[in-house]
């Protein structure tokens with residue numbers, strides 16, 4: 001009899017290093033000291049273990065995104081089970097919201113935001129498809145959210161100054177809109193209208209001339225508003241608070257809001273796929289990572305596990321880009337973003 005038993009399932013199938021994977025198994029002998037869980041030969045830290053269930057932390061740094069998991073006990077080894085683990089693209093960052101994919105060349109815009117009022121020497125970066133990370137020659141104080149409009153122009157919210165800045169050719173800034181409170185989230189609807197979230201409690205609609213008007217009033221957030229438009233053309237807002245049962249707001253074209261889904265811990269970056277499913281950087285039932293919400297907010301599940309996840313975006317190649325406080329990872333998941341048609 002194989003003392004390592006058999007792996008039945010692994011949940012979820014996607015992770016970044018540091019995430020907690022649940023392995024359902026049978027016949028795993030743990031009575032002695034000579035047992036463990038391995039990811040491509042690397043020993044994983046075990047959080048919990050029994051004959052039928054293993055909670056394991058994904059180790060760091062793999063040569064490939066397809067990683068084989070197996071159990072060992074008493075010299076025996078189980079058959080392997082494959083999951084997808086994110087490849088680190090860049091680190092030494094300070095990201096506080098979603099990264100953004102440039103629709104012109106598929107590069108990724110990243111931030112080093114800093115604490116409020118802290119002017120760092122470099123705060124915006126462009127990560128090219130070949131992995132080269134370049135510094136943008138612009139000074140933006142506390143860049144928070146980044147987004148491209150329908151014309152491919154880059155806009156950034158600067159929360160300390162309460163403004164939106166347009167970045168031209170990675171080298172010039174234009175002050176586009178001001179007096180936006182603690183400006184955090186930013187999103188564009190299908191008609192090209194800009195919406196900006198002041199975490200103090202207001203969602204603004206900003207005109208082409210940079211004039212802002214109040215669009216919706218919400219409960220204040222302790223950190224930031226995160227905005228995304230769904231396939232239904234309604235605005236969805238994550239507003240993390242101090243509760244472990246926070247909700248996602250859905251706001252219609254007239255500015256009336258409702259709770260779309262409730263039950264998340266510290267929801268942050270939000271993004272939609274082409275099928276209308278919502279993905280949120282959050283905690284669900286004690287598990288941290290990316291949560292997928294579907295069936296009109298009736299169901300939710302952990303899609304990807306990882307710690308300190310603050311944002312995400314989808315590429316044209318079916319990858320998900322996952323941002324933590326300090327690093328960014330890429331995984332092939334076969335999911336495409338709603339605005340990348």
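The values are calculated or read from the model by the stated rules, or taken from the named source; none is laboratory data. These numbers come from a predicted model, not from an experiment. Positions of Cβ are backbone-derived with ideal geometry, glycine not excepted, and every protein chain shown enters the neighbour counts.
Residue 243 fulfils the conditions (1) under 18 Å from residue 284 (Cβ atoms); (2) in contact with a strand residue (DSSP E or B) (Cβ under 7 Å, 6 or more places away or on another chain); (3) in a loop (DSSP other than H, G, I, E, B); (4) free of Cβ contacts under 8 Å to residues at least 60 places away in the same chain except for a single criterion, (2).
The single condition from (1) outside the structural domain of residue 280 (by TED's automatic domain parsing); (2) on the phi < 0 side of the Ramachandran plot; (3) within 25 Å of the chain's Cα centre (by Cα) that residue 101 fails is (1).
Screening the candidates 139, 68, 72, 79 for the property of being over 30 Å from residue 23 (Cα atoms), surrounded by fewer than 21 Cβ atoms within 10 Å (Cβ to Cβ) and out of contact with any helix residue (DSSP H, G or I) (no Cβ under 9 Å at 6 or more places or on another chain) yields one hit, 139.
From the list 315, 324, the lone residue that is in contact with a strand residue (DSSP E or B) (Cβ under 6 Å, 6 or more places away or on another chain) and over 26 Å from residue 56 (Cα atoms) is 315. In segment 323-337, is there at least one residue being surrounded by fewer than 18 Cβ atoms within 10 Å (Cβ to Cβ) and within 28 Å of residue 115 (Cβ to Cβ)? Checked segment 323-337: at least one residue is surrounded by fewer than 18 Cβ atoms within 10 Å (Cβ to Cβ) and within 28 Å of residue 115 (Cβ to Cβ).
Quick check: anything in segment 40-51 outside the structural domain of residue 305 (by TED's automatic domain parsing), surrounded by 14 or more Cβ atoms within 10 Å (Cβ to Cβ), in a strand (DSSP E or B) and touching a residue at least 60 places away in the same chain (Cβ under 8 Å)? No; the residues of segment 40-51 include none that is outside the structural domain of residue 305 (by TED's automatic domain parsing), surrounded by 14 or more Cβ atoms within 10 Å (Cβ to Cβ), in a strand (DSSP E or B) and touching a residue at least 60 places away in the same chain (Cβ under 8 Å). Among all positions in segment 302-320, there is at least one residue which is buried (at least 21 other Cβ atoms within 10 Å of the Cβ) and over 27 Å from residue 131 (Cα atoms). If you go through segment 10-30 and keep only what is farther than 15 Å from residue 51 by Cβ and either in a strand (DSSP E or B) or modelled with pLDDT under 95 (or both), you end up with 10, 11, 14, 15, 20, 21. Mind checking whether some residue in segment 278-293 is in contact with a strand residue (DSSP E or B) (Cβ under 9 Å, 6 or more places away or on another chain), surrounded by fewer than 20 Cβ atoms within 10 Å (Cβ to Cβ), within 23 Å of residue 113 (Cβ to Cβ) and touching a residue at least 60 places away in the same chain (Cβ under 8 Å)? Among the residues of segment 278-293, not one is in contact with a strand residue (DSSP E or B) (Cβ under 9 Å, 6 or more places away or on another chain), surrounded by fewer than 20 Cβ atoms within 10 Å (Cβ to Cβ), within 23 Å of residue 113 (Cβ to Cβ) and touching a residue at least 60 places away in the same chain (Cβ under 8 Å), which makes the answer no.
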